[in-house]
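Below is one structure, written out as structure tokens; comments come after it.
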Amino acid sequence: MFYEPRLQNSGLAIDPLKALVVPRPIGWISSVDLAGRVNLAPFSFFNMVADSPPIVMFAPSGLKPDGSPKDSLRNVEAVGAFVVNLATWDLREQMNATSARQPAGVNEAEVAGLEMVPSTIVAPPRVKASPVALECRYLQSVELPSLDPGEPNTVLFGDVVGVHVADHLIENGRVDITKAKPIARMGYSLYTVVDQTFRMTRPD
Ligand SMILES: Cc1cc2nc3c(=O)[nH]c(=O)nc-3n(C[C@H](O)[C@H](O)[C@H](O)COP(=O)(O)O)c2cc1C
């Protein structure tokens, strides 16, 4: 099969592209607005894109029903910081609950029954139950092309300035991330769990 996404001519009921670029890690982004109100939402257009310094990105797309930008975008651009919390198997239902459309100022963490704890460096708090959290200073936004002017695509980049790792994940001087069972997004409404690994060494 060959198709062109812009023409939507795959012949399938749903464009399968998001089922092909998998798995996509989930950046579970906590932020605060200028009044300090907490916001929490998952983004699977998320990744680490540089190592030195460590830089992550997440990409809110589209607008809220009232036509305003998503709260995460607005908060991060206004306040200049965010936290990436690791979404895990144990927290899958809560993660999903925090994706519900809520008016600005509603704390999705509270709605999902999640306790937040203060971060060390940045203003937004982190999810207490998440075993990994990356404290980030906002760097910049990039507006990407959009096929619909009412559905903007923005990428926000952040510098990872602090990293929390639960002690129980550390064994023999290394992090065993399979113990945290991170979840990741596949296509449609499918997810996968990182619970196994294999080793390969580079030829050079
Ligand atoms: C697993 C998962 C991944 C998601 N990834 C994205 C994404 O990459 N970009 C996006 O705009 N929305 C994504 N969403 C939807 C947002 O979480 C949702 O629009 C949320 O209400 C945004 O919240 P906010 O307005 O508080 O920022 C995702 C939802 C789920 C459940």
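Accessible-area rank, largest first, for Leu156, Leu17: Leu17, Leu156, with all protein chains present and a 1.4 angstrom probe.
When the Gaussian network model of the chain links Cα atoms closer than 10 Å, the mean-square fluctuations of Gly173, Gly105, Gly36 top out at Gly173. Using just its DSSP H runs of length 4 or more, each adding -39500 (n - 2.57), the chain gives a mean residue ellipticity at 222 nm of -2500 deg cm²/dmol after division by all residues.
Which residue, Ala133, Ala50, Ala112, has the most motion in a Gaussian network model of the chain that connects Cα atoms within less than 10 Å? Fluctuation is largest for Ala50. Its relative contact order, with pairs defined as Cα atoms under 8 Å and 6+ residues apart, puts the chain at 23 percent.
Compactness of the range 124-177, taken as the C-alpha radius of gyration over 2.2 N^0.38 Å, stands at 1.66. Accessible surface for Lys128 stands near 110 Å², nearest 10, in the context of the full protein assembly shown (1.4 Å probe).
Which of Gly187, Gly150, Gly162 moves the most in a Gaussian network model of the chain with Cα springs under 10 Å? Greatest mean-square fluctuation among the candidates belongs to Gly150. Taken per residue, the accessible surface of the chain reaches 59 Å², heavy atoms only and a 1.4 Å probe.
Both radii come from the Cα set of the chain: Rg as radius of gyration, Rh as Kirkwood radius; their ratio Rg/Rh reads 0.98. Legend: translational diffusion of the range 15-126 by Stokes-Einstein, Rh = Kirkwood radius over C-alpha pairs, 25 °C, 0.890 mPa s; D = 167 µm²/s. Per atom type, the chain shows carbon and sulfur on 54% of its accessible surface, probed at 1.4 Å. In summary, the aspartates and glutamates within cross-link reach of Lys70, defined as a Cα separation below 19 angstrom excluding same-chain residues under 8 places away, comprise Asp33, Glu108, Glu110, Glu143, Asp148, Glu151.
The values are calculated or read from the model by the stated rules, or taken from the named source; none is laboratory data. From a predicted model like this one, the values you see are computed outputs, not experimental measurements. Calculation scope for accessible area: heavy atoms of the full protein, side chains included, ligands and nucleic acids excluded. Shrake-Rupley method; radii C 1.70, N 1.55, O 1.52, S 1.80 Å.
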